[in-house]
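Please treat every number below as a calculation from the coordinates, not as lab data. All values reported here derive from a predicted model rather than from experimental measurement. In this analysis, Cβ positions are derived from the backbone assuming ideal geometry, glycine residues included, and neighbour counts consider all displayed protein chains.
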Amino acid sequence: MAATKTAAAPPERVPVVMLFAETRGFTRTSAILQPLAVLERTVEFFKLAQDTVEHHGGIVRNLLNDTLAASFSGNDSAQRAVETAQDMQRDFTPIEEVWARDYGIRAAIAIGLHAGEAVIGSSAHLLSGQPLIIGDSVSIAERLLHRARAGEFVLSKQVIDSLTAGEFALDAEELPPLEMPNREPIRLYGVLRDARLDFT
């Protein structure tokens with residue numbers, strides 16, 4: 001008997017908090033490692049990041065190179081996304097130490113977060129069947145990732161406003177805004193590391 005195809009859910013536009021996370025310092029220096037060691041270290045980061053996202057009720061949307069994208073929706077989505085960022089960076093600290101000791105690699109996680117709307121939907125034309133998430137909020141969160149320094153995370157004012165509304169306290173420092181053509185600048189805030197790491 002032929003299997004019945006399950007109809008894909010119709011696409012919808014929903015409010016989300018997007019989180020992008022990547023390792024800093026590892027990818028460039030991974031060229032000195034054996035391929036198996038590169039794969040194992042990358043999987044180590046992705047497993048930590050994915051487990052942390054899922055623990056806080058988020059959904060991993062994409063893995064590419066050394067970057068993870070995830071979304072959070074529903075009640076307290078901003079708080080859960082920020083707690084994910086905090087836990088991810090805290091729990092990466094022992095990994096940082098091992099990588100430095102065993103491989104001579106200095107690494108840390110950088111994270112960007114933004115709140116907005118996105119369209120989420122599936123298509124039979126995609127081989128993986130993985131739902132797509134599309135929208136300005138995704139692009140902006142990725143831009144904020146590139147504003148974050150090693151070991152730090154950057155949030156938009158939209159995320160800060162959601163945290164304030166939920167009475168969630170976060171010690172964040174205002175940063176220069178994100179300037180983009182044909183739109184108002186986006187105010188940014190950073191949760192900064194006491195001792196700055198610079199892997200550029």
With loop defined by DSSP as not H, G, I, E or B, and exposure as at most 12 other Cβ atoms within 10 Å, which is the longest segment of the chain clear of exposed trypsin sites (Lys or Arg not before Pro)? 6-182
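Could you list Val191, Val60, Val82, Val98 so that the one with the fewest beta carbons within 10 Å of its beta carbon is first and the one with the most is last?
The most exposed by this proxy come first: Val98, Val60, Val191, Val82.
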Rounded to the nearest Å, the spacing of the alpha-carbon centers of segment 59-92 and segment 142-196 is 15 Å
With the Cα gyration tensor of segment 1-112 giving a ≥ b ≥ c as the square roots of its eigenvalues, does the rule (a/c under 1.5 for rounded; else a/b larger than b/c for prolate; else oblate) give rounded, prolate or oblate? oblate
Hey, what's the Cα Rg ratio for segment 94-184 versus the globular rule of thumb, 2.2 N^0.38 Å? 1.41
Residue-wise, which Karplus ³J(HN,Hα) couplings in Hz belong to segment 173-189, taking 6.51 cos²θ - 1.76 cosθ + 1.60, θ = phi - 60°, and x for glycine or proline? 9, 5, 10, x, x, 8, 9, 9, x, 6, 7, 5, x, 9, 6, 10, 9
For Ser30, Ser156, what ranking results if the residue with the fewest other Cβ atoms within 10 Å of its Cβ goes first? Ser30, Ser156
Give the relative contact order (percent, whole number) for the chain; include only Cα pairs under 8 Å separated by 6+ residues. 24 percent
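Taking a ≥ b ≥ c as the square roots of the Cα gyration tensor eigenvalues, with a/c under 1.5 meaning rounded and otherwise prolate when a/b beats b/c, else oblate, which class fits the chain?
In terms of gyration-tensor shape, oblate.
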Just to check I understand the Karplus step: with θ = phi - 60° and J = 6.51 cos²θ - 1.76 cosθ + 1.60, what whole-Hz values come out for segment 138-147, glycine and proline as x? 5, 5, 5, 4, 5, 5, 5, 4, 6, 7
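Find the percent of Cα-Cα distances in segment 12-75 that exceed 16 Å, and round it to a whole number.
On the way: 990 of 2016 pairs.
Counting every Cα pair in segment 12-75, those more than 16 Å apart make up 49 percent.
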Mean ellipticity per residue at 222 nm, deg cm²/dmol - from DSSP H runs of n ≥ 4 across the chain, formula -39500 (n - 2.57): -12000 deg cm²/dmol
